[in-house]
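To start, the structure under review is shown below, and the notes come after it.
The values are calculated or read from the model by the stated rules, or taken from the named source; none is laboratory data. Bear in mind that the values here come from a model prediction, so they are computed numbers and not experimental data. Heads up, the Cβs are rebuilt from the backbone with ideal geometry, glycines too, and the neighbour counts pull from every protein chain shown. Ligands, DNA and RNA are stripped out before the accessible areas are found, and what is left, the full protein with its side chains, is counted by its heavy atoms. Shrake-Rupley method; radii C 1.70, N 1.55, O 1.52, S 1.80 Å.
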Amino acid sequence: MLVGEVKSIKELYGLDLIAPGHRACAGCGALVAVRQILMASKKPLIVVNATSCLEVTSTPYPQTMWKVPWVHLLFENAATAASGIEAALKALSRKYGRQEHYIIAFGGDGGTFDIGIQALSGALERGHRFLYVCYDNEAYMNTGIQRSGATPLGAATTTSPVGSKIVGKVQNKKDLLEIVAAHRIPYAATASPSHWKDLTNKVRKAQSYDGPSFIHVIAPCNRGWYFDPSYTIKVARLAVETRYWPLYEVENGRYRITHSVPSPKPLEEFLKVQRRLSHMLLPENAEVLERLKAYVDERWERLQKLSACFT
Amino acid sequence: MVKVETAILPGGVVSRPGSTTDYKTGTWRVKKPTVDLNKCTGCLICWIYCPEPAILKRHDGKIEFNYDYCKGCGICAEECPPKAISMVEE
Ligand SMILES: Cc1ncc(C[n+]2csc(CCOP(=O)(O)OP(=O)(O)O)c2C)c(N)n1
Ligand code: SF4
Ligand code: SF4
Ligand code: SF4
Ligand SMILES: [Mg+2]
């Protein structure tokens with residue numbers, strides 16, 4: 001079931017809910033993703049924002065880019081604040097008649113994978129009707145590129161440098177969507193701003209459910225990934241085309257790969273355009289590269305098997 | 001001169017939606033996108049990928065830039081299918 005499917009770019013024109021003049025770096029992938037998500041969202045909309053690049057660059061106090069009600073709380077409690085807003089709207093509805101609002105909470109990967117995961121889990125378990133979006137730039141960017149639970153194996157950050165002891169981050173990326181899906185919420189999906197139609201339709205689908213939903217969107221960051229700002233969408237697309245970032249959804253427990261990648265590009269093509277990862281192509285780091293490839297392959301294979309179960 | 005509202009309301013309330021337009025991020029730009037309207041098909045791919053947004057649709061369906069806010073990232077030039085956009089030195 002898909003209510004109000006987005007079929008062309010033209011029907012999104014004029015639906016922007018953010019203003020320019022925000023202070024995100026030129027070419028910020030997070031802002032492209034957030035723009036697309038807001039354009040697709042049902043209205044009236046209330047946005048909750050965890051402390052992050054998005055919060056800091058969107059609202060240089062007393063200015064704000066948001067054209068919808070927006071609330072910033074702490075780094076760790078976007079999901080809690082969203083729960084409270086939803087509960088308050090329910091109480092108001094009982095008193096004064098139906099208050100129809102949609103709520104989207106945005107958190108970075110640090111704010112979602114790490115510090116906010118407890119608040120998120122609680123909100124999903126309680127079943128509040130809201131969409132949580134984790135925009136993932138794979139590190140704590142706003143404070144200067146520290147590694148997070150979302151940073152991939154081998155990536156250089158300021159707290160996981162490439163040196164004689166370690167070659168970037170030692171651990172694999174946490175599989176957050178699987179943790180979220182384990183709450184058995186109605187809808188959870190990955191997305192990429194390069195695939196705008198897939199992303200905007202996932203927003204519409206998520207908001208059609210009377211319960212919690214979750215979207216995990218890749219947000220290439222030229223400052224922390226070290227690539228030319230003009231490559232933001234190209235990098236996001238390479239992530240999908242190399243199977244590094246599988247586009248899939250878990251709808252009422254049913255897995256579906258929403259964008260099949262029958263002949264993937266070599267993972268090296270995604271790695272070589274970013275200085276945080278390009279050292280993995282050096283012969284001395286072959287072992288780390290093999291480990292990352294194995295992680296990507298195993299994940300894809302697992303998703304394919306799960307999708308096959310439900311077709 | 002950049003006009004910046006300084007009044008601070010109780011509770012940290014931000015009273016003006018979309019007020020970042022007070023600040024012209026176009027001054028950050030090093031290279032500037034220009035469009036060849038003979039090549040532009042009006043597909044709006046550039047627009048959907050602009051992070052600001054700093055691209056507008058003209059009456060004829062083709063596009064123009066809002067140089068007050070365009071930061072010159074070059075995504076639009078990279079993504080335009082017919083390569084109608086080029087980045088030129090300011
Ligand atoms: C409790 C707490 N600890 C630390 C900080 C400092 N801090 C602000 S933003 C941020 C990084 C956010 O990382 P992420 O959630 O990945 O968002 P990004 O900036 O990468 O978009 C940190 C550590 C804080 N605001 N609150
Ligand atoms: S550091 Fe990265 S995520 Fe943060 S505003 Fe700049 S490009 Fe965007
Ligand atoms: S992407 Fe290129 S062809 Fe399409 S609207 Fe923009 S400038 Fe025109
Ligand atoms: S250069 Fe970047 S900011 Fe300027 S119009 Fe193109 S995509 Fe938008
Ligand atoms: Mg981050």
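Listed conditions (1) closer than 19 Å to A:Val32 by Cα; (2) in contact (Cβ under 8 Å) with a residue 12 or more places away in the chain; (3) acidic (Asp, Glu) are all met by B:Glu78, apart from (2).
Only one of the numbered conditions (1) within 21 Å of A:Met39 (Cα to Cα); (2) open to solvent by 20 Å² or more (accessible area, probe 1.4 Å) is not met by B:Lys39, and that is (1). Just one of the listed residues (A:Pro220, A:Pro266) is open to solvent by 10 Å² or more (accessible area, probe 1.4 Å) and either free of Cβ contacts under 8 Å to residues at least 12 places away in the same chain or not basic (Lys, Arg) (or both), and it is A:Pro266.
If the condition is being within 11 Å of chain A (Cβ to nearest Cβ) and among the hydrophobic types (A, V, I, L, M, F, W, C), then the range B:8-39 contributes B:Ile8, B:Leu9, B:Val13, B:Val14, B:Trp28, B:Val30. When the range B:74-90 is filtered for residues that are closer than 17 Å to A:Ser194 by Cα and either in contact with a strand residue (DSSP E or B) (Cβ under 6 Å, 6 or more places away or on another chain) or polar (S, T, N, Q) (or both), the ones remaining, listed by number, are B:Gly74, B:Cys76, B:Ala77.
Is it the case that A:Ala87 is in contact with a strand residue (DSSP E or B) (Cβ under 9 Å, 6 or more places away or on another chain) and in contact (Cβ under 8 Å) with a residue 24 or more places away in the chain? Let's see the steps before the verdict.
Values: in contact with a strand residue (DSSP E or B) (Cβ under 9 Å, 6 or more places away or on another chain): no; in contact (Cβ under 8 Å) with a residue 24 or more places away in the chain: yes.
Against the criterion (in contact with a strand residue (DSSP E or B) (Cβ under 9 Å, 6 or more places away or on another chain) and in contact (Cβ under 8 Å) with a residue 24 or more places away in the chain), A:Ala87 does not qualify.
Is the range B:6-16 home to any residue that is surrounded by 14 or more Cβ atoms within 10 Å (Cβ to Cβ) and in contact (Cβ under 8 Å) with a residue 40 or more places away in the chain? No, that holds for no residue. When we screen A:Ala19, A:Ala24, A:Ala50, A:Ala82 for residues that are away from ligand 3 (no atom under 16 Å from the Cβ), modelled with pLDDT of 95 or more and under 20 Å from A:Ser208 (Cα atoms), the only hit is A:Ala82.
Which residues, counting only those in the range B:56-83, are more than 7 Å from chain A (Cβ to nearest Cβ) and buried (at least 22 other Cβ atoms within 10 Å of the Cβ)? B:Ile63, B:Cys70, B:Cys76, B:Cys80 - these are the residues of the range B:56-83 that are more than 7 Å from chain A (Cβ to nearest Cβ) and buried (at least 22 other Cβ atoms within 10 Å of the Cβ). On the given criteria, is A:Arg35 open to solvent by 10 Å² or more (accessible area, probe 1.4 Å), within 9 Å of chain B (Cβ to nearest Cβ) and within 16 Å of ligand 2 (Cβ to nearest atom)? No: the conditions fail for A:Arg35.
Being without any contact (Cβ under 8 Å) to a residue 12 or more places away in the chain and surrounded by fewer than 20 Cβ atoms within 10 Å (Cβ to Cβ) is the requirement here; does B:Thr21 meet it? It would help to see each step written out before you state the result.
Working: without any contact (Cβ under 8 Å) to a residue 12 or more places away in the chain: no; surrounded by fewer than 20 Cβ atoms within 10 Å (Cβ to Cβ): yes.
It is false that B:Thr21 is without any contact (Cβ under 8 Å) to a residue 12 or more places away in the chain and surrounded by fewer than 20 Cβ atoms within 10 Å (Cβ to Cβ).
The residues of the range A:71-92 that are within 14 Å of chain B (Cβ to nearest Cβ) and either among the basic types (Lys, Arg) or open to solvent by 60 Å² or more (accessible area, probe 1.4 Å) (or both), listed by number, are A:His72, A:Leu73, A:Leu74.
For the range A:159-173, indicate whether the set of residues that are under 15 Å from A:Asn252 (Cα atoms), part of a loop (DSSP other than H, G, I, E, B) and in contact with a helix residue (DSSP H, G or I) (Cβ under 7 Å, 6 or more places away or on another chain) is non-empty. Walk me through it before giving the result.
First pass over the range A:159-173, keeping only residues under 15 Å from A:Asn252 (Cα atoms): none.
Checking the range A:159-173: not a single residue is under 15 Å from A:Asn252 (Cα atoms), part of a loop (DSSP other than H, G, I, E, B) and in contact with a helix residue (DSSP H, G or I) (Cβ under 7 Å, 6 or more places away or on another chain).
Residues that are among the aliphatic types (A, V, I, L, M) and either within 15 Å of B:Pro51 (Cβ to Cβ) or more than 14 Å from chain B (Cβ to nearest Cβ) (or both) within the range A:221-247 comprise A:Ile233, A:Val235, A:Ala236, A:Ala239, A:Val240, A:Leu247, listed in sequence order.
A count restricted to the range A:142-156 and to residues that are buried (at least 21 other Cβ atoms within 10 Å of the Cβ) and either at pLDDT below 95 or in contact with a strand residue (DSSP E or B) (Cβ under 7 Å, 6 or more places away or on another chain) (or both) stands at 7.
Taking into account only those residues within the range A:99-132 that are among the polar types (S, T, N, Q) and open to solvent by 10 Å² or more (accessible area, probe 1.4 Å), which is farthest from ligand 5 (Cβ to nearest atom)?
Taking the range A:99-132 and keeping what is among the polar types (S, T, N, Q), we get A:99, A:112, A:118, A:121.
Still in the list and also open to solvent by 10 Å² or more (accessible area, probe 1.4 Å): A:99, A:118, A:121.
Values: A:Gln99: 33, A:Gln118: 18, A:Ser121: 19 Å.
Ranking the candidates gives A:Gln99 first.
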